[in-house]
Amino acid sequence: MGSENDYIVPNDSPPAPIHRVLKGQKALVTGASKGLGQAIAMGFGQAGADVLVNYYSDEAGARQTAQSIEESGAKAVICKADTAKEDEVKAMFQCMIDAFGRLDICVPNSGIQLNARIDEMTLAQWQRVIDVNLTGQFLCAREAVRLFKKQGIDRSISYAAGKLIFMSSVHDIIPWEGHANYAAAKGGILLLMKSVAQEVAHLHIRVNAISPGAI
């Protein structure tokens, strides 16, 4: 008898097109110059959404993301901001309104790792990871909810007043030796997401989190 692999038909077809189900919607993605944030922003563009591409240090990567979005037929703007800083987050959301007039989807994705064992971790390492990975997501969530409440529901666009998608990690429940600051921040995001979801569900604001493993 042949092996199991003898019965596998090679799939040489191109990837299926992404339907433009988000046409007319406006999205904001932080940390969109590389990695998951870049892929999410590009995916939104392919699905028809216009996107604000946030970056902190990699302007070239942000411009690459924006170019890909525009090549897919959507609009994109880039905006530099340190999402751990309240004034810069507020300025970023103002840029969103100035560019697109509204916000429908917010993905606070920015995150960093500064790894050390607990007895070797500096306060600066602890604080910066908490500031970016947890406080930064709080600041973005707060500004997004404020906008969602102000603009209300436009059913020609969506049946939700807005969609807030936190970027968590499998380490919101799985401990990670040598990464206590990162795991603590992601654990905080899990309950931040659930608490915000309880607060705003009656306003038809959708709140979820993605908890990926290593990508």
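The values are calculated or read from the model by the stated rules, or taken from the named source; none is laboratory data. Keep in mind the model is a prediction, meaning the values are calculated, not measured. For neighbour counting, all protein chains shown are included, and Cβ atoms are generated from backbone atoms with ideal geometry for every residue, glycine included. Ligands, DNA and RNA are excluded from the accessible area calculation, which covers all protein heavy atoms including side chains. Shrake-Rupley method; radii C 1.70, N 1.55, O 1.52, S 1.80 Å.
Among residues that are within 17 Å of the chain's Cα centre (by Cα) and of a type outside the set (V, I, T), F148 is included. S195 meets each of the listed conditions (1) within 21 Å of the chain's Cα centre (by Cα); (2) exposed (fewer than 15 other Cβ atoms within 10 Å of the Cβ); (3) touching a residue at least 12 places away in the same chain (Cβ under 8 Å) apart from (3). Looking across segment 198-209, the residues that are more than 22 Å from Q38 (Cβ to Cβ) and either open to solvent by 40 Å² or more (accessible area, probe 1.4 Å) or out of contact with any helix residue (DSSP H, G or I) (no Cβ under 9 Å at 6 or more places or on another chain) (or both) come down to Q198, E199, A201, H202, L203, H204, R206. Can you pull out every residue in segment 175-192 that is aliphatic (A, V, I, L, M) and open to solvent by 80 Å² or more (accessible area, probe 1.4 Å)? Once the filter is applied, which keeps residues that are aliphatic (A, V, I, L, M) and open to solvent by 80 Å² or more (accessible area, probe 1.4 Å), segment 175-192 yields only L191. Per the listing A116, A39, the residue uniquely within 25 Å of P212 (Cβ to Cβ), outside any strand (DSSP E or B) and open to solvent by 50 Å² or more (accessible area, probe 1.4 Å) is A39.
Screening P212 with (1) in contact with a strand residue (DSSP E or B) (Cβ under 9 Å, 6 or more places away or on another chain); (2) in a helix (DSSP H, G or I); (3) surrounded by fewer than 18 Cβ atoms within 10 Å (Cβ to Cβ) gives one miss only, at (2). Reported count of residues in segment 152-173, each being within 21 Å of the chain's Cα centre (by Cα) and open to solvent by 50 Å² or more (accessible area, probe 1.4 Å), is 2. In segment 48-75, the qualifying residues are those that are open to solvent by 90 Å² or more (accessible area, probe 1.4 Å), assigned to a helix (DSSP H, G or I) and in contact with a strand residue (DSSP E or B) (Cβ under 7 Å, 6 or more places away or on another chain), and the one that is farthest from R102 (Cα to Cα) is R63.
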